[in-house]
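The values are calculated or read from the model by the stated rules, or taken from the named source; none is laboratory data. Since the model is a prediction, treat every value here as computed from it, not as a measurement. When we count neighbours, we look across all protein chains shown, and the Cβ atoms used for this are built from the backbone with ideal geometry, even at glycine. Just so you know, the surface numbers come from the protein's heavy atoms only, side chains and all, with ligands and any DNA or RNA stripped out. Shrake-Rupley method; radii C 1.70, N 1.55, O 1.52, S 1.80 Å.
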Amino acid sequence: KEKEGMASCNINEGIENTLAILLPRIKDKVTVHKLYGEIQKVECRIEEINQIIMNIILNAHQAMEEKGTIRIETAQTADNVRISIADDGPGIQEENLDKIFAPFFSTKEKEINTGLGLSICYNIIKNHHGDIHVNSQPGQGTEFIISLPTLQPPRP
């Protein structure tokens, strides 16, 4: 079941497809810089990975009070593909950093947000045997770093 629906996918193409949908909605406020590395294909459910990219970019867009920049970078590291999504928005308060992946946690108004987005992202990444980390300081922006194995481990 774990590998069901997985295929060998080009993450850079997935990001491009996601940006094609998102940019018309966010380009008034956000400039996106892309630095795509030479990366291997990743065994994944690309629609789930695209959902993560979209969620993180939309969160960054919503957090920005003024015009801002989002930098998306991909790189190959040993057996993993690394995706970095960094913004120059307001950053995340230190006391919230360890809570942002918890279900229902949100700093936004309840009407705007269920607080499930990053929790779902976290679970998708764990289901892909990957990792997600966040670096953020108030006033310094936020960076999400996702690491996905190029191949899923064989089933036991």
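A few points about this structure:
- A Cβ distance below 8 Å, combined with a sequence gap of six or more or placement on separate chains, defines the contacts here; from region 142-156, residues that are more than 22 Å from Asn96 (Cβ to Cβ) and touching a residue at least 12 places away in the same chain (Cβ under 8 Å) reach residues that are charged (D, E, K, R) and part of a loop (DSSP other than H, G, I, E, B) in the pairs Pro149/Asp79; Thr150/Lys41; Thr150/Asp79; Leu151/Asp79; Gln152/Glu2; Gln152/Lys3; Arg155/Glu2; Arg155/Lys3.
- From Ile83, Ile49, residue being under 23 Å from Asn17 (Cα atoms), of a type outside the set (Asp, Glu) and touching a helix residue (DSSP H, G or I) at 6+ places or on another chain (Cβ under 6 Å): Ile49
- Looking across region 1-38, the residues that are within 15 Å of the chain's Cα centre (by Cα), open to solvent by less than 60 Å² (accessible area, probe 1.4 Å), under 19 Å from Ala75 (Cα atoms) and not hydroxyl-bearing (Ser, Thr, Tyr) come down to Ile11, Asn12, Gly14, Ile15, Leu19, Val32.
- Residue check for Ser84: modelled with pLDDT of 95 or more, surrounded by 15 or more Cβ atoms within 10 Å (Cβ to Cβ) and over 22 Å from Met6 (Cβ atoms): yes
- Inter-residue pairs, beta-carbon under 6 Å, first open to solvent by less than 70 Å² (accessible area, probe 1.4 Å) and in region 99-120, second of a type in the set (D, E, K, R) and modelled with pLDDT of 70 or more, 6+ apart: Phe105/Lys99
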